[in-house]
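Reading through the structure tokens given below for one structure.
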Amino acid sequence: MALARPSGKYLTVAAVLSALAGPASAELGLNFPPPAAEVAQEIYDVHMLTMGIATVLLIAVFAVVIYSLYNHRKSRGYPADQKFHETWFGNWSWVIVPVMVLGVDLSIAGSAQKTLAKVWEVPKGEDLMDLKVVGHQWWWEFEYLDHDVKVESRYVPEEKAGDLYLREVDNRLVLPTHRKIRFLHTSADVNHAFWVPELGFKKDAIPGYVTETWAEIDREGVFRGQCAELCGTWHSRMPIVVEAVAPEKFDAWVKQQKEIKLAALAEATSDRTWTKDELTEKGQGLYNTKCGGCHQINGLGLPPAFPGLKDSPMVKGPVRPHIDIVLNGKPGTAMPPWNTLTDLEIAAIVTYERNAWDNNTGDVVQPKDVKAAR
């Protein structure tokens, strides 16, 4: 008898499921990612030891169960043992089995305890590099305390990130290899958690507290992580990207960051009068990285939590209140103060907001206006 051919609709469904499964299977990892630090390797080894023991036990239990079901089945006329509990094994199994389980647990715990001690005991020494990690809603701030360098790291919008959407950032956390790094974790608002699997630890960032962990990265590469604590509406938009480089490359990167910082500071403190086009161009880049996450790139926002700025009475109203809310934030809302930005940066953001998305107020805010409002 000939088999019936599948209908067109079933073939269509199968094709769609196959197409969806392609990118999904590409992200399907069967194990932890390869460790990039000594502590991470030890955690990985404990994990593999646990999985190895669990696999052996699983096979042994299944073998006993399958053997019993097959050889003691009713169809063979095997009578049920009504006296098993009175046998030697029936009496002592309540002791033997728990002791065996406890022995397995202790064999794992012995290795795990040594690893945990190494995770929590931060080494000391002159070569230890301190990195302050501050969680914000919803971005990361990394401060290299030994190098006077600060980096703000935010997710890259989907249209620019492509396949790495929610996995890529505008500024990566650059770290040197073969150097002990102490991570000092805290938060500016709510609980966050710094987690990069290849580094081997996950640590909460708690407002008002400083917690610490450490790592020594043993190979170059790019390692991706994320915030691992539910921290609000856009918790998913807090990826972490660590770029590990050789020490000499890291030193060159630090030098470059200091040069950029000095150039930006000199530019911001000059008495120059900026044109509308210059401020708008600079303000667009700043807005997209610092404000676009909440108020959206198109200025429409996500009301009521994040009001739109297009046709906003605040944006189209007097300039001074607009500057004040950017400088000082708005208590009781998710709008934080941006007073850590330079006068030029705030002037550029305000100028852009007042002239973008058909607001067209024509207003040009100079750095001296922001300086007067501080």
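Quick notes on this structure:
- Residue match in segment 169-192 (condition: among the small types (Gly, Ala, Ser) and under 30 Å from residue 112 (Cβ atoms)): yes
- Of all residues in segment 187-233 being crowded, with 19+ Cβ neighbours inside 10 Å and in a loop (DSSP other than H, G, I, E, B), the one that is nearest to the chain's Cα centre (by Cα): 229
- Residue within segment 237-254 that is crowded, with 19+ Cβ neighbours inside 10 Å, under 23 Å from residue 329 (Cβ atoms) and within 15 Å of the chain's Cα centre (by Cα) present: yes
- Among the residues examined, residue 121 does not qualify as farther than 21 Å from residue 186 by Cα and either without any contact (Cβ under 8 Å) to a residue 60 or more places away in the chain or out of contact with any helix residue (DSSP H, G or I) (no Cβ under 8 Å at 6 or more places or on another chain) (or both).
- Members of segment 234-262 that are in a helix (DSSP H, G or I) and in contact with a Lys or Arg (Cβ under 9 Å, 6 or more places away or on another chain): 237, 247, 250, 257, 261
- Hey, residue 189 of a type in the set (D, E, K, R), at pLDDT below 95, under 13 Å from residue 138 (Cα atoms) and out of contact with any helix residue (DSSP H, G or I) (no Cβ under 8 Å at 6 or more places or on another chain) or not: yes
- Flag set for residue 208, criterion: in the same structural domain as residue 249 (by TED's automatic domain parsing), of a type in the set (Gly, Ala, Ser) and without any contact (Cβ under 8 Å) to a residue 24 or more places away in the chain.
- For segment 51-84, the set of residues classified as over 30 Å from residue 31 (Cα atoms), surrounded by 10 or more Cβ atoms within 10 Å (Cβ to Cβ), within 54 Å of the chain's Cα centre (by Cα) and of a type outside the set (S, T, N, Q) consists of 67, 72, 73, listed by residue number.
- Identity of the residue in segment 123-159, loosely packed, with under 15 Cβ neighbours inside 10 Å and assigned to a loop (DSSP other than H, G, I, E, B), that ends up modelled with the highest pLDDT: 145
The values are calculated or read from the model by the stated rules, or taken from the named source; none is laboratory data. Worth saying up front: this structure is predicted, and the values here are computed from it rather than measured. Cβ atoms come from the backbone with ideal geometry, glycine included; neighbour counts cover every protein chain shown.
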